[in-house]
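Below is one structure, written out as structure tokens; comments come after it.
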Amino acid sequence: MPTHIAALLAGAALDLLIGDPEWFPHPVRLVGKFVAFAERRARRGDPSPEVLRRRGAVLAVLTVLLTAGAAAGILYLLGLWGRWPRFVGMALMSWTCLSARNLADEAEGVCRALEASLEAGRGRVARIVGRDTDGLDAREVLCATIETVAENATDGVISPMLYLALGGPVLGLAFKAASTLDSMIGYLDEKYRDVGRFAAKADDVWNYVPARITALAMCLSAFPLGLDGRRAFHTVRRDHANHLSPNCAWSEAAAAGALGVRLGGDHTYFGRLVRKPTIGDDVRPPEGEDIRRVNRLMFASAGIVLAGIVGIAAMAHTTF
């Protein structure tokens with residue numbers, strides 16, 4: 001088994017067991033601090049939109065390169081101490097790239113809060129979505145949570161797995177840096193549309209293939225979980241383009257079809273109504289248990305992809 005695949009397995013096990021504890025010095029927080037600093041520098045001098053776009057592109061490329069370079073440098077230094085210190089470093093870095101447990105815990109927190117009161121549910125879902133949540137009803141809170149788990153199954157779980165498999169922790173952390181850039185500055189509103197334009201487009205490229213793999217894995221996972229796999233495939237074929245992003249609707253359509261609920265539609269972001277097409281069929285109203293169902297769908301999809309990675313790596317290692 002190649003070392004970086006073994007490190008990926010160890011990282012996935014750590015993520016499953018302990019998630020993302022607050023006490024651990026997560027590299028994404030360091031990346032976020034650098035992005036915030038670099039954004040302030042990019043805005044100095046009241047630049048024109050064209051200049052701000054160029055500076056935003058430099059900011060994005062520099063962030064990814066510095067993150068990858070730091071990861072490579074740390075692993076090189078650990079390698080000087082020996083094989084096992086380097087492997088431990090690779091496993092810990094792989095762990096920080098994955099967020100399945102944290103995503104599931106946050107979604108479950110919304111479910112419990114909504115069971116207590118609508119106000120509590122609104123407050124809890126605000127932690128994981130970018131839309132305005134003050135006016136959401138119970139159905140909208142549930143749908144927002146389902147959409148978030150389905151969407152982040154791609155960029156928080158499957159994408160990093162695939163990049164860790166392709167290029168180890170160096171490429172995995174490069175992807176996480178690109179994803180962090182998109183989550184911080186990759187918005188279409190007036191404040192970020194210029195400085196974050198390159199970061200948003202780059203994130204679309206990073207997630208293009210993984211989004212489609214995630215949708216396929218979700219459709220396949222629906223069958224053994226007792227969900228509607230046939231409707232999941234049908235919904236993906238029909239609704240995969242029903243989103244402003246070229247990637248998000250793939251996994252959202254798979255989840256909507258598997259659960260038999262309708263997602264998407266118009267939402268308010270920073271006080272501005274954004275009109276979006278719907279995804280899925282309104283077979284039945286969403287319920288709290290759907291959050292737990294989509295969590296299981298996310299974990300099962302990750303398991304399928306991880307098994308595929310290990311199988312391909314084992315065959316390639318044996319052949320060559």
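Listed values, structure above:
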quantity: Answer residue from region 90-117, given it is in a helix (DSSP H, G or I) and without any contact (Cβ under 8 Å) to a residue 60 or more places away in the chain and is nearest to Ile304 (Cα to Cα) among those; calculated: Glu106
quantity: Counted residues, region 18-53 - those being assigned to a helix (DSSP H, G or I) and within 19 Å of the chain's Cα centre (by Cα); calculated: 8
quantity: Condition check for Gly186: in contact with a Cys (Cβ under 9 Å, 6 or more places away or on another chain) and within 20 Å of Ala153 (Cβ to Cβ); calculated: no
quantity: Any hit, region 70-89, residues being touching a His at 6+ places or on another chain (Cβ under 9 Å) and surrounded by 18 or more Cβ atoms within 10 Å (Cβ to Cβ); calculated: no
quantity: One residue from Ile158, Ile146 being touching a strand residue (DSSP E or B) at 6+ places or on another chain (Cβ under 7 Å), hydrophobic (A, V, I, L, M, F, W, C) and modelled with pLDDT of 95 or more; calculated: Ile146
quantity: Residue in region 304-312 that is in a helix (DSSP H, G or I) and more than 26 Å from Gly168 (Cα to Cα) present; calculated: no
quantity: When residues of region 171-195 are limited to those that are surrounded by 21 or more Cβ atoms within 10 Å (Cβ to Cβ) and either among the hydroxyl-bearing types (Ser, Thr, Tyr) or over 18 Å from the mean Cα position of the chain (by Cα) (or both), the one farthest from Thr3 (Cα to Cα); calculated: Asp194
quantity: Helices (runs of 4 or more DSSP H) (entirely within region 146-265) containing at least 3 residues that are among the polar types (S, T, N, Q); calculated: 159-185, 197-222
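The values are calculated or read from the model by the stated rules, or taken from the named source; none is laboratory data. Just so you know, these numbers come straight off a predicted model, no measurement behind them. In this analysis, Cβ positions are derived from the backbone assuming ideal geometry, glycine residues included, and neighbour counts consider all displayed protein chains.
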